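Peer 1: A single structure is presented below for examination.
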Amino acid sequence: GAGVSQSPSNKVTEKGKDVELRCDPISGHTALYWYRQSLGQGLEFLIYFQGNSAPDKSGLPSDRFSAERTGGSVSTLTIQRTQQEDSAVYLCASSLTGRQPQHFGDGTRLSIL
Amino acid sequence: AQKVTQAQTEISVVEKEDVTLDCVYETRDTTYYLFWYKQPPSGELVFLIRRNSFDEQNEISGRYSWNFQKSTSSFNFTITASQVVDSAVYFCALSDSGSGGYNKLIFGAGTRLAVHP
């Protein structure tokens, strides 16, 4: 079946602009995760959604980052007033439940000029 | 605190050699999960294996095998008779209750494996 789908694949934007990244999880997966992969920090957890529960936002690096998940399916990660240090690959993953293996999308490569 | 250490930054081998990727973890929990993921040049993280802390039995899947030793807090990954297609970055990861319900993967820094013909 279809895997986790992320769009866009690549995004180049100017410093100070807002960006939205989209994730479409595997059908039927109740848990959705966002991670960030950067050269300096490796792979970092950002946020986790499970069903209708309040999301775990403990990994968001600043209040410029936010995410939502509508209808328990598609999620968008929004970065406001982008900074150069936000340049990274943003990875989305989903799992059947919170304790099951996470399956990752191809990521969105974000470059801030 | 949770931590995953992959001390080998890069490994280079010739095809058909066996190679072991090391992973050492830290956690205060008695219940936790350990994972290995593969990231080929295409970029997608591919799930390879999950083990829970109560199952120390080693696992073999084709040319891949995993050695889980709680006594040394290690979860090492061996590729037998390596192939060029095994070239990738391999990540070891941990999740435990300190993550807030096993929801967060704590990744190691990754080991870049290059298999040469």
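Coordinate-derived values only; no laboratory data. Note that the coordinates shown come from a computational prediction; the quantities given were computed from them, not determined experimentally. When we count neighbours, we look across all protein chains shown, and the Cβ atoms used for this are built from the backbone with ideal geometry, even at glycine.
Peer 1: Using only atoms on other chains, find how many Cβ atoms lie within 10 Å of each Cβ of peptide B:105-112 and report the average.
Peer 2: For peptide B:105-112, the averaged partner shielding equals 3.
Peer 1: Over 26 Å between Cα atoms: which of B:Lys16/B:Lys70; B:Lys3/B:Lys70; A:Lys15/B:Lys38 fall into that group?
Peer 2: The pairs that break the limit, which is 26 Å between Cα atoms, are B:Lys16/B:Lys70; A:Lys15/B:Lys38.
Peer 1: Now a separate question. Please identify every one of the GluC sites (Glu not before Pro) in segment A:1-109 that sits in a loop by DSSP and has no more than 14 other beta carbons within 10 Å of its own beta carbon.
Peer 2: Answer by residue number: A:Glu14.
Peer 1: Moving on. Just how large is the dipole of the protein assembly as shown about the Cα centre, in debye to the nearest 20, putting +1 at every Lys and Arg Cβ and -1 at every Asp and Glu Cβ?
Peer 2: On the way: 21 positive and 24 negative charges, 74 e Å.
In total the dipole reaches around 360 debye.
Peer 1: Apply the Karplus curve 6.51 cos²θ - 1.76 cosθ + 1.60, θ = phi - 60°, to the phi angles in segment B:86-97 and return the couplings in whole Hz, x for Gly and Pro.
Peer 2: Computed from phi, the couplings for segment B:86-97 are 7, 4, 4, 9, 10, 10, 9, 9, 10, 9, 8, 5 Hz.
Peer 1: Tell me, for the protein assembly as shown, which Cys residues have no other cysteine's C-beta sitting closer than 4.7 Å.
Peer 2: none
Peer 1: Mind checking which of B:Ser82, B:Ser42, B:Ser95 has the largest fluctuation in a GNM of chain B, springs on alpha carbons under 10 Å?
Peer 2: The residue that fluctuates most here is B:Ser42.
Peer 1: What longest range of chain A stays clear of loop-exposed trypsin sites (Lys or Arg not before Pro) (DSSP non-H/G/I/E/B, at most 16 other C-beta within 10 angstrom)?
Peer 2: Of all site-free stretches, the longest is A:18-56.
Peer 1: I'd like the mean, over residues of B:35-47, of how many other protein chain beta carbons sit within 10 Å of each residue's own Cβ.
Peer 2: The per-residue average across the peptide is 4.
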